[in-house]
Amino acid sequence: MELNSQRVRALAPENDPLKIGMGWTIQDLDKPQIMVESTFGDSHPGSAHLDKFVAEALRGITDAGGKGARYYTTDICDGIAQGHDGINYSLAHRDMIANMIEIHGNSTGFDGGVFIASCDKSVPACLMGLARLDMPSIVITGGVMDAGPDLLTLEQIGAYSAMCQRGEITEEKLTYYKHHACPSCGACSFMGTASTMQIMAEALGLMLPGSALMPATCEDLKEMAYRAGKQVLELVKKNIKVSDIATKEAFENAIMVHAAISGSTNSLLHIPAIAHELGIEIDSDTFDRMHKGAHYLLDIRPAGKWPAQFFYYAGGVPAVMEEINSMLHLDVMTVTGKTLGENLEELKKNGFYDKCESYLKKWNLKRTDVIRTFDEPIGTNGTVAILKGNLAPEGSVVKHSAVPKEMFQAVLRAKPFDCEEDAISAVLSHKIQPGDAVFIRYEGPKGSGMPEMFYTTEAISSDAQLGKSIALITDGRFSGASKGPAIGHVSPEAADGGPIALVEEDDLIKIDIPGRILEIVGVKGERLSKEEVDKILAERRKQWKPKSPKYQKGVLKNYSEHAVSPMKGGYMV
């Protein structure tokens, strides 16, 4: 088998001298050439430490007889981007990182790749990029940060901030929490999008078994990076490409793991987008179908009790897969060159679980305190649902594992807002009352880039009364840290003329999570027939006028013009 690097080298006589010019030896030119792409940079704790894993991967590549080349596409942090228009760039920059990975790989000519990232958009961006390249590839994730004092974690800061604004805690107390919530590098220590997507990468078979969501400060993670660098050369030798591993069956495995861990709703944007790059059709309805009857096992924040570092202590992805193995395709190929079933059997024999449990014993916990057994789950109907109806003809997403039971079926009064700032002000000033449905619209991909509605969800869920008596409905999305009665990704979005744009004050909104329904069932507080509602909506549509695009130039203009529906993944076409 001719290596791609040698084929490209033969076509371009400038190739050798240019590589020699940056320090390659003559002998290096003949070796398998491996791209090591990371999101390292001083952007946030999830990326600031990745250089040490790059170094370990390069050492592994060298020891296995290859030559590694470092490439960087630094990501942004959703947390640092919160509270201002910076968050509008969050989803768009996923596609931009994927674009740069494609450019780096295809413009140079590599034989394989190691991809290193930690966070919300960088991990799915790497998965999209390596899917486009479709060469032998392996993923390393930068792990999870430690929890702070009294197991303080970052997702609690939004709630504490809302409490401070309501006068429930002092400014000094809030400052203390802010100064102690992130004591180390790594992804934020809860089952948000970063943690979820690290797990999804392993569940797809693209990471070494047990390596997702390890504590970022753990020496085991550096060893995993070294092993990954060596293993990519084995994938090159066997010509095992991404498309050999990330099959439709592998995506189905990932979705079953997603249900078991109560993963972030943002996965419904990322998994379809990654699958799309491989020509595989996965959409939100796939999640809905597969979550029905799925067992929810993981007691990790924000829906559960423990910080995310305890996930690894309890055995990580392999432990979850062991519990749900009757629902998995165990014959899928993985980056080990072995099947998933073979990997799981090997982990039982090589001391992996004993090593993990040695960490857990320091906290006087058992594995089942963190990862429940299949027969004693937290829930038995998955964790997300797709709601449809005249308000969301294409669908909307709710993480029902984080919704109070009181809100599973309700009829609420609409309080529409055309931006998040107005909505959160109304919540914090007590203008929103029990029985209201807070709408935030024109925040979808075409409206403003589809930012998170994090602060509003935190303001609602931190209010004991509102958290059990109102809902937040939006064409935007939520942070993976969000909990409470939140329904997002409403499609078609307002900027595209979806019915959410037609909602008026005191329309009656029916939510039925078991029935998968989200509908307008009345106006001005009065229930009406379906035909009467349809007639009123038709009249409103005649009066509706599209808003001028929020962005007239740059990345967000391009994204808003080319992004597909959130129900398909929100990727650019």
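Of the candidates ILE199, ILE255, ILE245, the single residue that is within 30 Å of LEU3 (Cβ to Cβ) and of a type in the set (A, V, I, L, M, F, W, C) is ILE245. Given the options LYS545, LYS550, name the one that is open to solvent by 40 Å² or more (accessible area, probe 1.4 Å), assigned to a loop (DSSP other than H, G, I, E, B) and touching a residue at least 12 places away in the same chain (Cβ under 8 Å). Every option except LYS550 fails the conditions.
Applying the criterion of being among the hydroxyl-bearing types (Ser, Thr, Tyr) and in contact with a strand residue (DSSP E or B) (Cβ under 8 Å, 6 or more places away or on another chain) to the residues of the stretch 265-289, the residue that is nearest to ALA308 (Cα to Cα) is THR265. For PRO17, the conditions (1) open to solvent by 40 Å² or more (accessible area, probe 1.4 Å); (2) closer than 24 Å to LEU233 by Cα; (3) assigned to a helix (DSSP H, G or I); (4) without any contact (Cβ under 8 Å) to a residue 12 or more places away in the chain all hold with the exception of (2). Can GLY109 be described as buried (at least 23 other Cβ atoms within 10 Å of the Cβ) and either free of Cβ contacts under 8 Å to residues at least 60 places away in the same chain or not aliphatic (A, V, I, L, M) (or both)? No. Just for the stretch 278-307: of the residues that are among the aliphatic types (A, V, I, L, M) and either modelled with pLDDT under 95 or not in a loop (DSSP other than H, G, I, E, B) (or both), which one is nearest to LYS483 (Cα to Cα)? Selected residue: ALA303.
Step by step: first the residues of the stretch 126-151, then only those that are part of a helix (DSSP H, G or I) and without any contact (Cβ under 8 Å) to a residue 60 or more places away in the chain, then the one that is farthest from GLY186 (Cα to Cα). Which residue is that?
Among those residues, the one meeting the criterion is ASP150.
Residues satisfying the criterion are present in the stretch 314-327 (criterion: hydroxyl-bearing (Ser, Thr, Tyr), open to solvent by 20 Å² or more (accessible area, probe 1.4 Å) and more than 26 Å from CYS218 (Cα to Cα)).
Yes or no: the stretch 356-372 includes at least one residue that is of a type in the set (Gly, Ala, Ser) and closer than 25 Å to LYS230 by Cα. Checked the stretch 356-372: no residue is of a type in the set (Gly, Ala, Ser) and closer than 25 Å to LYS230 by Cα.
At pLDDT below 95 and either out of contact with any helix residue (DSSP H, G or I) (no Cβ under 8 Å at 6 or more places or on another chain) or open to solvent by 20 Å² or more (accessible area, probe 1.4 Å) (or both): is that true of GLU56 in this structure? In short, no. Considering (1) of a type in the set (D, E, K, R); (2) part of a loop (DSSP other than H, G, I, E, B); (3) closer than 22 Å to LEU208 by Cα, the lone condition that ASP75 does not fulfil carries the number (3).
Taking the stretch 409-447 as the range and being of a type in the set (A, V, I, L, M), free of Cβ contacts under 8 Å to residues at least 60 places away in the same chain and open to solvent by less than 30 Å² (accessible area, probe 1.4 Å) as the test, the residues that pass are ALA423, ALA426, VAL427, ILE432, VAL438, ILE440.
Here ASN99 meets the list (1) surrounded by fewer than 24 Cβ atoms within 10 Å (Cβ to Cβ); (2) within 17 Å of the chain's Cα centre (by Cα) almost entirely, failing just condition (2).
Could you tell me whether the stretch 219-233 includes any residue that is over 18 Å from the mean Cα position of the chain (by Cα), among the hydrophobic types (A, V, I, L, M, F, W, C), part of a loop (DSSP other than H, G, I, E, B) and farther than 25 Å from LEU330 by Cβ? Looking through the stretch 219-233, none of the residues is over 18 Å from the mean Cα position of the chain (by Cα), among the hydrophobic types (A, V, I, L, M, F, W, C), part of a loop (DSSP other than H, G, I, E, B) and farther than 25 Å from LEU330 by Cβ.
Counting the residues of the stretch 334-370 that are surrounded by fewer than 16 Cβ atoms within 10 Å (Cβ to Cβ) and assigned to a loop (DSSP other than H, G, I, E, B) gives 8. Checking ASP288, ASP283 one by one, the residue that is on the phi < 0 side of the Ramachandran plot, of a type outside the set (Ser, Thr, Tyr), touching a Pro at 6+ places or on another chain (Cβ under 6 Å) and open to solvent by 10 Å² or more (accessible area, probe 1.4 Å) is ASP283 and no other.
Of the strands (runs of 3 or more DSSP E) lying entirely inside the stretch 373-480, those containing at least 1 residues that are charged (D, E, K, R) are 384-389, 392-399, 409-417, 436-440. Residues that are open to solvent by 60 Å² or more (accessible area, probe 1.4 Å) and either among the β-branched types (Val, Ile, Thr) or over 19 Å from ARG94 (Cα atoms) (or both) within the stretch 32-53 comprise ASP51, LYS52, listed in sequence order. The condition (being open to solvent by 50 Å² or more (accessible area, probe 1.4 Å), free of Cβ contacts under 8 Å to residues at least 24 places away in the same chain and more than 30 Å from GLU531 (Cβ to Cβ)) is satisfied by just one residue among GLU376, GLU406: GLU376.
Please pick out the residue among GLY480, GLY515, GLY498 that is of a type outside the set (A, V, I, L, M, F, W, C), open to solvent by less than 10 Å² (accessible area, probe 1.4 Å) and modelled with pLDDT of 95 or more.
Answer to the check: GLY498.
Which members of the stretch 73-91 meet the condition of being of a type in the set (D, E, K, R) and surrounded by fewer than 24 Cβ atoms within 10 Å (Cβ to Cβ)?
ASP85
One residue stands out in the stretch 150-182 among those that are surrounded by fewer than 17 Cβ atoms within 10 Å (Cβ to Cβ) and under 26 Å from the mean Cα position of the chain (by Cα): the one that is modelled with the lowest pLDDT, namely LEU151.
Would you check if there is a residue in the stretch 93-113 being of a type in the set (D, E, K, R) and in contact with a strand residue (DSSP E or B) (Cβ under 7 Å, 6 or more places away or on another chain)? Looking for residues that are of a type in the set (D, E, K, R) and in contact with a strand residue (DSSP E or B) (Cβ under 7 Å, 6 or more places away or on another chain), one finds at least one in the stretch 93-113, hence yes.
The values are calculated or read from the model by the stated rules, or taken from the named source; none is laboratory data. None of the values given here were measured: they were computed from a predicted structure. Quick reminder, even Gly has a Cβ in these numbers, built from the backbone with ideal geometry, and neighbours come from all protein chains shown. Heavy atoms of the whole protein, side chains included, go into the accessibility calculation; ligands, DNA and RNA do not. Shrake-Rupley method; radii C 1.70, N 1.55, O 1.52, S 1.80 Å.
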